[in-house]
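Below is one structure, written out as structure tokens; the observations come after it.
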There are 2 protein chains.
Amino acid sequence: MHPFRKHLEKFIKVDDKLFDEIISYFKIEVVKKKENLLEEGQLCRHHYFVLEGLLRKFYINEKGTEQTTEFAIETWWITDNIAYEHKLPTEFYIQAVEKSRILYISQDNQEKLMKAFPEMERYFRFVYQRAYAAAQMRIKYLFSLSKEEFYFELLRKHPEFVQRVPQYLIASFLGFTPEYLSEIRRRIVS
Amino acid sequence: MHPFRKHLEKFIKVDDKLFDEIISYFKIEVVKKKENLLEEGQLCRHHYFVLEGLLRKFYINEKGTEQTTEFAIETWWITDNIAYEHKLPTEFYIQAVEKSRILYISQDNQEKLMKAFPEMERYFRFVYQRAYAAAQMRIKYLFSLSKEEFYFELLRKHPEFVQRVPQYLIASFLGFTPEYLSEIRRRIVS
């Protein structure tokens with residue numbers, strides 16, 4: 001089954017005819033490793049759904065360092081939501097960490113899709129509700145856990161994720177230097 | 001016009017009959033200043049909409065200090081979303097900062113409401129979409145701004161908010177001590 005249909009069916013009923021209509025609002029793109037789907041200063045026109053692969057979102061901070069704020073693996077949505085909703089230039093980059101196959105939709109098309117199919121309002125309501133809940137948890141962690149504790153939390157809850165993402169990007173997500181992350185990892189081993 | 005109806009009409013069409021049906025899924029509560037709507041360890045059963053007043057969400061950190069993670073003023077929704085969706089015990093408190101009038105709904109009733117009225121799927125899709133976008137921005141600020149810079153950002157974007165919320169709670173939101181916040185404020189004046 002199409003991975004997007006499988007994801008839809010977690011939340012709403014979808015038959016062949018409906019799926020064909022829904023998918024016609026989307027386009028597919030294959031991006032190479034390290035290729036950017038979105039760059040700072042561009043209008044943020046699309047909402048991305050990962051069919052296969054791994055994306056990350058980052059911005060370049062005052063020191064010129066890439067600060068990763070989000071990852072998206074298979075069946076995750078990603079965009080700069082404020083810029084997307086209001087069709088504004090973004091402060092972020094969205095980049096492929098691995099070669100990826102991406103389904104994407106424009107803001108106008110997403111609006112049309114939800115107007116045409118109330119099921120899709122329901123689907124996106126779930127998508128945003130869960131993303132919001134996860135972001136709230138992330139905010140709590142940013143206050144309550146040290147960077148080091150957050151790394152252990154990540155290891156404990158998502159070992160396959162820590163395995164899959166290159167270490168320098170895990171460091172960029174945590175706000176570590178790669179050297180400091182290596183040091184922590186050495187400490188675990190010993 | 002009822003403030004909740006006014007908020008609904010920003011996103012969906014509502015006539016008198018529909019509003020009467022929608023509002024029948026909700027209850028109203030008046031909470032006194034410093035009264036808790038939710039406490040750590042309780043099942044999180046409700047989603048709260050502020051008709052009048054001001055709520056905050058906080059948890060008690062390792063040091064025994066209250067860390068405020070969120071405020072909600074008029075027309076804002078607030079709850080512990082993960083605990084609410086999965087009917088779990090919460091790690092948070094939700095407390096009235098001012099005497100407040102609150103509309104609230106149970107998780108079961110919110111589900112029924114969205115099933116009965118597809119417009120309400122659309123409404124909550126907007127609510128979660130915007131809340132998620134705001135949370136993403138908050139995460140970016142937590143990485144990119146110092147606590148001091150975040151305070152100035154708050155002052156610049158939401159002066160009426162900084163005016164309204166007691167200073168020790170602004171401090172609790174920023175992760176300052178109240179003394180440090182006073183110091184910054186003195187520096188601005190001079």
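The values are calculated or read from the model by the stated rules, or taken from the named source; none is laboratory data. All values reported here derive from a predicted model rather than from experimental measurement. Don't worry about glycine lacking a Cβ; one is built from the backbone with ideal geometry, like all the others, and counts go over all protein chains shown.
Data for the structure
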| read-out | value |
| --- | --- |
| Cross-chain or 6+ apart pairs with Cβ under 7 Å, the stretch B:5-33 first and more than 28 Å from A:GLU111 (Cα to Cα), then among the polar types (S, T, N, Q) | B:VAL31/B:SER100 |
| Test for A:LYS147: is it free of Cβ contacts under 8 Å to residues at least 12 places away in the same chain and of a type outside the set (A, V, I, L, M) | no |
| Residue list for the stretch A:42-89, filter: of a type in the set (S, T, N, Q) and within 30 Å of A:HIS2 (Cα to Cα) | A:THR68, A:THR69, A:THR75, A:THR79, A:ASN81 |
| Filter result (more than 10 Å from chain B (Cβ to nearest Cβ) and polar (S, T, N, Q)) within the stretch A:61-92 | A:THR65, A:THR75, A:THR90 |
| Some residue of the stretch A:101-114 being out of contact with any Leu (no Cβ under 6 Å at 6 or more places or on another chain), at pLDDT 95 or above and closer than 30 Å to A:GLN163 by Cβ | yes |
| Pair list, Cβ < 9 Å and 6+ apart or interchain, from the stretch B:106-124 residues that are in the same structural domain as B:LYS27 (by TED's automatic domain parsing) and aliphatic (A, V, I, L, M) to residues that are buried (at least 20 other Cβ atoms within 10 Å of the Cβ) and outside any helix (DSSP H, G or I) | B:LEU113/B:ILE105 |
| The stretch B:118-154: number of residues that are facing another protein chain (nearest Cβ under 7 Å) and in contact with a strand residue (DSSP E or B) (Cβ under 8 Å, 6 or more places away or on another chain) | 6 |
| First in the stretch A:76-104 and basic (Lys, Arg), second anywhere and surrounded by 19 or more Cβ atoms within 10 Å (Cβ to Cβ) and not in a loop (DSSP other than H, G, I, E, B), Cβ under 9 Å, 6 or more apart | A:LYS99/A:VAL31; A:ARG101/A:VAL31; A:ARG101/A:VAL50 |
| The one condition in (1) of a type in the set (D, E, K, R); (2) under 20 Å from A:ARG45 (Cα atoms); (3) touching a helix residue (DSSP H, G or I) at 6+ places or on another chain (Cβ under 7 Å); (4) within 12 Å of chain B (Cβ to nearest Cβ) that A:LYS115 fails to fulfil | (3) |
| Positions within the stretch B:34-60 being in contact with a helix residue (DSSP H, G or I) (Cβ under 8 Å, 6 or more places away or on another chain), without any contact (Cβ under 8 Å) to a residue 60 or more places away in the chain and farther than 14 Å from B:ALA72 by Cβ, in sequence order | B:LEU43, B:CYS44, B:TYR59 |
| Helices (runs of 4 or more DSSP H) lying entirely in the stretch A:1-109 (those with 3 or more residues that are surrounded by fewer than 16 Cβ atoms within 10 Å (Cβ to Cβ)) | A:3-9, A:16-23 |
| Given (1) away from chain B (no Cβ under 11 Å); (2) assigned to a helix (DSSP H, G or I); (3) under 18 Å from A:ARG56 (Cα atoms), number of the condition A:PHE176 does not satisfy | (2) |
